[in-house]
Amino acid sequence: MTDRLSNQNPVCMLLRGLVTLTLLSMLLSCSEQSPARRFDFSQGAGIPVVTEPATLTDLMETLTSVGTARAQQSVNVFSDTSGRVTAVNINADQFMESGDLLLQLDDRDERLAVELATVQLADAERLVQRYTTVNAQDANIPESQLDDAQAAVDSARIALEQAKVDLDRRRITAPFAGRVGLTEIDVGDRIDTNTQITTIDDRAVLLVNFSVPEVYVERVSRGTRVNLRLWDAANEAVSGEIIAVDSRIDVNSRSFIARAAIDNADDRFRPGMAFEISLSASRGTFLSVPDVAVQWGADGAYVWIADKGVAVRREVSLVKRMANAVLVDGDLAENEQVVMEGIQSVRAGAALRVLTPNELDASLRAAAPATTDEQGNG
């Protein structure tokens, strides 16, 4: 009876309440201080990250274009004069040397003109010789008369040369070595200066013009190697070389014309064929960073770098995505350490602890059980 009364004594109940509150306060204090201590520890050690240096990379791109081939030398053959055709020496695709006869016009009048001019020149020269001989003996031929005779000789010589030129124009010859095309001219046809006789092509070397974007104007020049293949065929590509670059940029296409030469000594290709041209050209040197390092914000792309153990944000612009990397341009220098792992926890000015990938994995594995225990105990 006395024990029951003592247990229900108000003083005892008050003491028990105070003890219980004290114990709860201590437990709450411990649970609140533990994360703080862990936080202070992590801040002192730095955020664990993995970095990779930014490296300079030459951006090589393969350009593809289409062009039509033409012969190194190619002309449409016309006559310098009108007349009746007396001979045709044109067989399609036949090789002709420079100066070979292609077509002959009636030249009887021109031959007579040459003979007449020859006679007139000889007569004028004899007269001058006669005057000179007489003057050597008696000196009774006036100087003006002798000058007129000499002028007649000069005129006769010019007339003879003109007659020879007219006679030569009755022969249409190959202007250079090459292969002739088809002709529609037959013996007996009458032609004039507007009648196309045939074509002739020197196709030992073929030339192909193609367009190149203006950004490569300083990197595509004479001597640049190119590969060419027929547009509608899967044959092996042939090698060529750029021999000329246009001096202007087309304002509509924002491109310029380059001319490539193909060795066609084996006569595989013909003028007029369409070719696909490909070449490797550099767009310049840019910094390469891991693709996972690039972050996006309100102002665009940026990366975090570890500068003396402190996180620093650098704004960049993307140039080209590569395999597992991105080429960037901006406020970034070669060999600066770019954060590529642990980036989610990085903030400006935060202390960083640079680890290797293996060290970071080990750190994460070690932290995982501790986190589980704390959650269970809580």
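Overview of values
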| read-out | value |
| --- | --- |
| Residue match in the range 241-258 (condition: more than 21 Å from the chain's Cα centre (by Cα), without any contact (Cβ under 8 Å) to a residue 12 or more places away in the chain and surrounded by fewer than 15 Cβ atoms within 10 Å (Cβ to Cβ)) | no |
| The one condition in (1) in a helix (DSSP H, G or I); (2) closer than 30 Å to residue 327 by Cα; (3) charged (D, E, K, R) that residue 126 fails to fulfil | (2) |
| Test: residue in the range 165-187 that is in contact (Cβ under 8 Å) with a residue 12 or more places away in the chain, within 22 Å of residue 122 (Cα to Cα) and over 51 Å from the mean Cα position of the chain (by Cα) | yes |
| Residues being exposed (fewer than 13 other Cβ atoms within 10 Å of the Cβ) and either under 17 Å from residue 196 (Cα atoms) or at pLDDT below 95 (or both) - total across the range 100-122 | 0 |
| Residue in the range 221-239 that is at pLDDT below 95, surrounded by 15 or more Cβ atoms within 10 Å (Cβ to Cβ) and of a type in the set (D, E, K, R) present | yes |
| Residues (loosely packed, with under 15 Cβ neighbours inside 10 Å and closer than 16 Å to residue 247 by Cα) located in the range 193-218 | 214, 215, 218 |
| Test result for residue 262, assigned to a strand (DSSP E or B), modelled with pLDDT of 90 or more and farther than 30 Å from residue 94 by Cβ | no |
| Members of the range 284-327 found to be of a type in the set (Phe, Trp, Tyr), in contact with an Asp or Glu (Cβ under 9 Å, 6 or more places away or on another chain) and without any contact (Cβ under 8 Å) to a residue 12 or more places away in the chain, listed by number | none |
| Boolean, residue 53 is farther than 30 Å from residue 216 by Cβ and either in contact with a Phe, Trp or Tyr (Cβ under 7 Å, 6 or more places away or on another chain) or modelled with pLDDT under 95 (or both) | no |
| Some residue of the range 98-116 being without any contact (Cβ under 8 Å) to a residue 40 or more places away in the chain and under 25 Å from residue 271 (Cβ atoms) | no |
| Within the range 56-80, considering residues that are loosely packed, with under 14 Cβ neighbours inside 10 Å and of a type in the set (Val, Ile, Thr), the one modelled with the lowest pLDDT | 62 |
| Of all residues making up the range 303-323, the number that are in a strand (DSSP E or B) and either surrounded by fewer than 13 Cβ atoms within 10 Å (Cβ to Cβ) or not charged (D, E, K, R) (or both) | 14 |
| Evaluation of residue 156 against (1) outside any helix (DSSP H, G or I); (2) buried (at least 16 other Cβ atoms within 10 Å of the Cβ) (one fails), failing number | (1) |
| Scan of the range 335-362 for residues that are under 12 Å from residue 52 (Cα atoms), exposed (fewer than 13 other Cβ atoms within 10 Å of the Cβ) and in contact with a strand residue (DSSP E or B) (Cβ under 6 Å, 6 or more places away or on another chain), ordered by number | 335, 357 |
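For (1) outside the structural domain of residue 84 (by TED's automatic domain parsing); (2) out of contact with any strand residue (DSSP E or B) (no Cβ under 6 Å at 6 or more places or on another chain), each residue gets a yes or a no:
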residue	(1), (2)
141	yes, yes
152	yes, yes
162	yes, yes
176	no, no
183	no, no
186	no, yes
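The values are calculated or read from the model by the stated rules, or taken from the named source; none is laboratory data. Worth saying up front: this structure is predicted, and the values here are computed from it rather than measured. Positions of Cβ are backbone-derived with ideal geometry, glycine not excepted, and every protein chain shown enters the neighbour counts.
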